[in-house]
Every structure is written in C-alpha cells, then in structure tokens.
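The values are calculated or read from the model by the stated rules, or taken from the named source; none is laboratory data. Everything quoted here is computed from the prediction, not taken from an experiment. No Cβ is skipped: glycine too gets one built from the backbone with ideal geometry, and neighbour counts run over all protein chains shown. Surface accessibility is based on the protein's heavy atoms, side chains included, excluding ligands, DNA and RNA. Shrake-Rupley method; radii C 1.70, N 1.55, O 1.52, S 1.80 Å.
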Amino acid sequence: MRKNIVAGNWKMNKTLQEGVELAKGLNEALAASKPNCDVIICTPYIHLASVTPLVDAAKIGVGAENCADKESGAYTGEISAAMVASTGAKYVILGHSERRAYYGENNAILTEKVKLALANGLTPIFCIGEVLEQREANKQNEVVLDQLQAVYELSAEDFSKCILAYEPVWAIGTGKTASAAQAQEIHAYIRSTIVDKYDAKVAENTSILYGGSCKPTNAKELFANPDVDGGLIGGAALKVADFKGIIDAFNA
Ligand code: PEP
C-alpha cells in the first residue's frame, strides 16, 4: 500500500546552527507519539551530516534538495548522489520547479539524476507541475505528462521506488493553494498515467504529494482527497509548529 507522507523542503534557508535547532525541535515535537504518516525533512547539503544522526530515524527521514547528474569527477561545486547517501540521507528532491526554472533542469538531466539517486539507494521525490499560463490555457495535464517522461523511462521496479510531488508553480510560495478539487483532479490524472505506463498495482502503490502553500489550515482538506497522499512543504516546513500542524492533519 502507498504511504502518506509529509516532506519538508527547507530550500536555501537556515544556517547550519539554525537547521540543527529546527531538526532538534521537530524531533522533540514528534517524541511523544508516532506520527500517522512518514515525515521527511529535505535540507541544504551542508546540514545533512549533522541533522541525520540527531533525528529519530524511526520517525523522521532526511533528504537532500538536489543531486548532480554526474557520478563523480571534475564538476566543481556539485554534490553527487553517492555523497548525499554517505551522510545517511535517504531521500532527494529532484525536478523542483525552482531547479527547472533557474538552473535549466530538463527531462534528460532529470532522468540522469533519478537514475543516479536510485543507484545510490536514495528515494527520489520527483516534482512536476505547471506554471500559471499553462493552467490558464488548461494545459496542466499535458505539461505534467511531459515532465513525467523523465521517470517513465524507468523500469516498473525502479519507478515504484519513487515518490511523486505535484506542485503547481503558481501555488509555490505565493499563498495561493490549489483547491482540494483541483488537486484531486490532477492527482487522479497523474495516477491514471501511471496505470497507462505501468499498471494499476504500480499506480495504486505510488505516493503522490501535493505542494504549494500548504499550511496547517488547509492540509486536512487537501490530504482528505483519495489521490493526495500528503504534502511537500516549503515555507511551513521552516517552523516546527507549522510543520507539526501539517503532520497532524493525518491524525484527526
Ligand atoms: C515547495 O517549494 O516545494 C513548496 C511547496 O513551497 P511552499 O510550501 O512554500 O509553497
């Protein structure tokens, strides 16, 4: 069965010391009881080796926000999937809209990244989503289907190790959230494309997260949809109370 997941994306926020404090705070907040979903925090690279040993691995998984599309070598400034895995991290966000928009990441690059992540035992959290003009032109389905081709190159076995995150770009960091109905509609579409590409069992077992201005106040309604299996959280992952509030959407 697919898992319910709340994953945080810290982006380029928090010094090492601040990040350690945030991770400690979340660990403490979750100490009393086991959350009703998998919880993941994706941090800047430099935080990984410090954060991984201080959180309770039974409750909180740790991931990176990116990795290189090359295995190793003369790529100054890059961080490989093997390096991420060597910190104890288990996840990596790939294809985030900010990486696509500001760093030119396309399907070919992302396929390489996903393959290297999987080869190094990392679970990719693969992001897809349309920009506002594409939504206004009712092109969201074709946009996400095209973006999915980067992971639809995988075998069914490898694809089954991935988590998907649908993040409408117009909702990221804007305070505008997709309505529960909009989220359900496109998540159901995404799942139907997995049936077409693989089969109904693979589709049924794939976790598809929603991302875009998700908050404690709207998480419950979004997650109540049958095809929304949790959230990828940006801004609200930077405060323990907000992130915990979203995790608690699965408790009520
Ligand atoms: C994100 O960037 O993955 C995201 C969902 O951001 P926010 O929650 O801040 O919209």
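Does V51 satisfy being part of a helix (DSSP H, G or I) and open to solvent by less than 40 Å² (accessible area, probe 1.4 Å)?
Criteria met by V51.
As an exercise: evaluate L148 against (1) within 15 Å of the ligand (Cβ to nearest atom); (2) aliphatic (A, V, I, L, M); (3) under 15 Å from the mean Cα position of the chain (by Cα) and give the number of the one condition it does not meet.
Tallying (1) within 15 Å of the ligand (Cβ to nearest atom); (2) aliphatic (A, V, I, L, M); (3) under 15 Å from the mean Cα position of the chain (by Cα), L148 fails exactly one: (1).
Condition check ((1) under 20 Å from G234 (Cβ atoms); (2) surrounded by fewer than 15 Cβ atoms within 10 Å (Cβ to Cβ); (3) within 16 Å of the ligand (Cβ to nearest atom)) across all residues:
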| position | (1), (2), (3) |
| --- | --- |
| L94 | yes, no, yes |
| S97 | yes, no, yes |
| G104 | no, yes, no |
| L110 | yes, no, yes |
| A117 | no, no, no |
| L122 | no, no, no |
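Can you tell me which of (1) open to solvent by 10 Å² or more (accessible area, probe 1.4 Å); (2) within 19 Å of A29 (Cα to Cα) is the one T174 doesn't meet?
Going through (1) open to solvent by 10 Å² or more (accessible area, probe 1.4 Å); (2) within 19 Å of A29 (Cα to Cα) one by one, T174 breaks only (2).
Which number in (1) surrounded by fewer than 24 Cβ atoms within 10 Å (Cβ to Cβ); (2) within 16 Å of the ligand (Cβ to nearest atom); (3) on the phi > 0 side of the Ramachandran plot marks the one condition that G129 misses?
Result: G129 fails condition (1) only.
Counting just the residues of segment 17-37 that are surrounded by 14 or more Cβ atoms within 10 Å (Cβ to Cβ) and free of Cβ contacts under 8 Å to residues at least 40 places away in the same chain, which one comes out nearest to M1 (Cα to Cα)?
If we take residues in segment 17-37 being surrounded by 14 or more Cβ atoms within 10 Å (Cβ to Cβ) and free of Cβ contacts under 8 Å to residues at least 40 places away in the same chain, then N27 is nearest to M1 (Cα to Cα).
Whether any residue in segment 53-62 is within 16 Å of the ligand (Cβ to nearest atom) and among the charged types (D, E, K, R) is what I want to check.
Checking segment 53-62: not a single residue is within 16 Å of the ligand (Cβ to nearest atom) and among the charged types (D, E, K, R).
Quick one: in segment 198-246, of everything that is of a type in the set (D, E), in a helix (DSSP H, G or I) and in contact with a helix residue (DSSP H, G or I) (Cβ under 6 Å, 6 or more places away or on another chain), which residue is nearest to the ligand (Cβ to nearest atom)?
Of everything passing the filter in segment 198-246, D242 is nearest to the ligand (Cβ to nearest atom).
Residues being under 12 Å from N205 (Cα atoms) and open to solvent by less than 10 Å² (accessible area, probe 1.4 Å): count how many of those fall in segment 152-171.
So the count comes out to 3.
Go through (1) within 16 Å of the ligand (Cβ to nearest atom); (2) of a type outside the set (D, E); (3) open to solvent by 10 Å² or more (accessible area, probe 1.4 Å) and name the single condition A85 misses.
(1)
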